[in-house]
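K.L.:
Take this structure first; my questions come after.
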Amino acid sequence: MRSINTKEFRKAMIDADYNTLGDLEKESGIDKSSLSSILNGNGGRLPSYDSIAKLADALHLSYEEIGCIFFYNDLAKVKET
């Protein structure tokens, strides 16, 4: 099961001045229910690469930074080996 670094996702929202999921929905084009699932770490599924790219743009993050949010468990495993 995949895990999203929800703490860093919340921080990225705050840093980009998004106070609500509705604000982020308007900028990213991703519906609030999907954003809520991401924020709460529900489902264990990653968003599509297209959605991750939209979030990177909306949150003003590089692909490396957004990757650390959505692939941090995978990156930790690589570092261990």
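K.L.:
Those residues that are part of a helix (DSSP H, G or I) and basic (Lys, Arg), I need them from region 1-31; list them, please.
P.N.:
Matches in region 1-31: LYS7, ARG10, LYS11, LYS26.
Quick grid of which residues meet (1) modelled with pLDDT of 95 or more; (2) on the phi > 0 side of the Ramachandran plot:
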residue: ASP17; (1), (2): yes, yes
residue: SER28; (1), (2): yes, no
residue: LEU35; (1), (2): no, no
residue: ASN42; (1), (2): no, no
residue: ALA56; (1), (2): yes, no
residue: TYR72; (1), (2): no, no
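The values are calculated or read from the model by the stated rules, or taken from the named source; none is laboratory data. Remember, predicted model here, so these are calculated numbers, not experimental data.
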